[in-house]
Amino acid sequence: MKKKTSWPSIVIPCIIGLLSAGVYLFPFWIGVENRLYDFFLGLKSDVKEDSSIVLLDIDDVSIEKVGLYPWPRNTIAKGLEALTQLGAEFAVFDIEYIDKSPMSVDFTYLNGALKSEFAASFEEIGANVQDIFAALANNQITLPEAGIYGSELVDLIDQSRDTLYRHTKQVAIENDSYLGQAMRLFGSSFITVNMQDDPPSEGTEDLYAIAKERFVYPKLKVNAPLSDGRHSALVPIPEISRMAAGAGFTNVYIDSDGVRRRIRLTDNIGDTVFMQLAFSPLLKKLGAPEVVIDKNLVTLIGAVYDGKCFNTA
């Protein structure tokens, strides 16, 4: 005989469910929930820091030694070249290179090699002029012959002028390209893409095309509908975007009480998914595993760490 279901066993769970959902209509409950989250989070032991991860801060000591911030991008490029020589594995730039920087002067070249080239060129010209006048004074050449030597001297002056002008242009350093080349040389530089809620600005189509081509993770599987996401992104200038190994966003969500409690590992513009800035190099570090996005869950399939292959969510 089929046992009848009593009404309390149906009504009571429904009432509890409605009350639980109803409390979220009151702002004070969200604050209570956040405080409970903070309390239980405080009970967890601290995450052990990985000694292989180093934060290169621009602090007061750095500013005292290098100069006022912001520094020229050639300074950052030289630092990246030093990291290359030291054997650093990854370099992550939490800096938005969305505007071109002013050019700078290579004072080492200006006061060294270029100065020597000017001195040598004018010394050669002066010596030729002196030789012509000395030859005329000693009747070693005739005036018509002096004219021929004079024409050759003019050619020498023109050649020296063009050479010096070409070399003088090397005094001005195009810092953006310099930094981009340093990133390319390093091989594993990751830069910042800032996700925006505003529609894309006019003339940014080419930059966004670079981002879609170079910064979208290739081994991605989406099993759940994506959120509304963002509408556009601030992408670094081409000189840097085309040279970096990857990129990620730094946007975070702040709770109503002004506290940042969580970060998103992925964000999207339409059906185009971008990774969080720290997540992008981590995926490369883990052997480029497949990333599977489900509702409220991100799973890595085939990650490799310390010689072991595993799946993790």
* Asked: Can you list the HN-Hα couplings for segment 239-247, worked out from phi with the Karplus curve (6.51, -1.76, 1.60; θ = phi - 60°), rounded to whole Hz and with x for Gly and Pro?
  -> 4, 9, 4, 6, 9, 6, 6, x, 7
* To do: Compute the length gained on full extension between Lys100 and Ser201: take 0.36 nm times their separation in residues and subtract their Cα-Cα distance, giving the result in nm to one decimal.
  => 34.7 nm
* **Accessible heavy-atom area order of Ile125, Ile254, Ile210, highest first, probe of 1.4 Å** => Ile254, Ile125, Ile210
* In order through segment 44-58: 3J(HN,Hα) via Karplus (6.51 cos²θ - 1.76 cosθ + 1.60), integer Hz, x for Gly, Pro -> 6, 6, 5, 6, 5, 6, 8, 5, 7, 9, 10, 8, 9, 8, 8
* To do: Rounded to the nearest 0.05, what FRET efficiency do Val154 and Gln181 give with R0 = 45 Å and r taken as the Cβ-Cβ distance? Could you check?
  => 0.70
* Structure fact -> Ranked output for segments 300-309, 42-51 by mean other Cβ atoms within 10 Å, highest leading, reads 300-309, 42-51
* Structure fact -> Any residue on another chain or 5+ positions along whose placed amide H is under 5 Å from the amide H of Tyr217 is listed here as Met275
* Matching label, log10 I(q)/I(0) by the Debye sum over Cα atoms at q = 0.11, 0.13 Å⁻¹ computed from the structure shown, candidates [x] -0.91, -1.12; [y] -0.70, -0.96; [z] -0.82, -1.02 -> [x]
* Asked: Looking only at Ala224, Ala82, Ala146, which one moves most when the chain is put into a Gaussian network model with springs between Cα atoms under 10 Å?
  -> Ala146
* In nm, what is the difference between 0.36 nm times the number of residues separating Lys115 and Thr168 and their Cα-Cα distance? -> 18.1 nm
* Structure fact -> The long-range amide H neighbours of Ile95, using H built 1.01 Å from N in the peptide plane and a cut-off of under 5 Å, are Thr192
* Just the number, please: carbon plus sulfur as a percent of the accessible area of segment 80-237, 1.4 Å probe, no ligands or DNA/RNA counted. => 55
* On the full set of protein chains, 1.4 Å probe, figure out the accessible area of Ser151 and give it in Å² to the nearest 10. => 70
* Structure fact -> Counting sequence-distant residues (5 or more places) and residues on other chains, those with an amide H built under 5 Å from that of Glu290 are Ile301
* Using the structure shown, select from Lys219/Lys295; Lys44/Lys308; Lys78/Lys219; Lys221/Lys284 the pairs with a Cα to Cα distance greater than 24 angstrom. => Lys44/Lys308; Lys78/Lys219
* Asked: Going by a ≥ b ≥ c, the root eigenvalues of the Cα gyration tensor, does segment 57-175 fall in the rounded group (a/c under 1.5), the prolate group (a/b larger than b/c) or the oblate group?
  -> prolate
* Asked: ³J(HN,Hα) across segment 201-210 via Karplus (A = 6.51, B = -1.76, C = 1.60, θ = phi - 60°), whole Hz, x for Gly/Pro?
  -> 6, 5, x, 9, 4, 5, 5, 5, 5, 4
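The values are calculated or read from the model by the stated rules, or taken from the named source; none is laboratory data. Since the model is a prediction, treat every value here as computed from it, not as a measurement. As a convention, Cβ positions derive from the backbone with ideal geometry for all residues, glycine included, and neighbour counts pool all protein chains shown. Ligands, DNA and RNA are stripped out before the accessible areas are found, and what is left, the full protein with its side chains, is counted by its heavy atoms. Shrake-Rupley method; radii C 1.70, N 1.55, O 1.52, S 1.80 Å.
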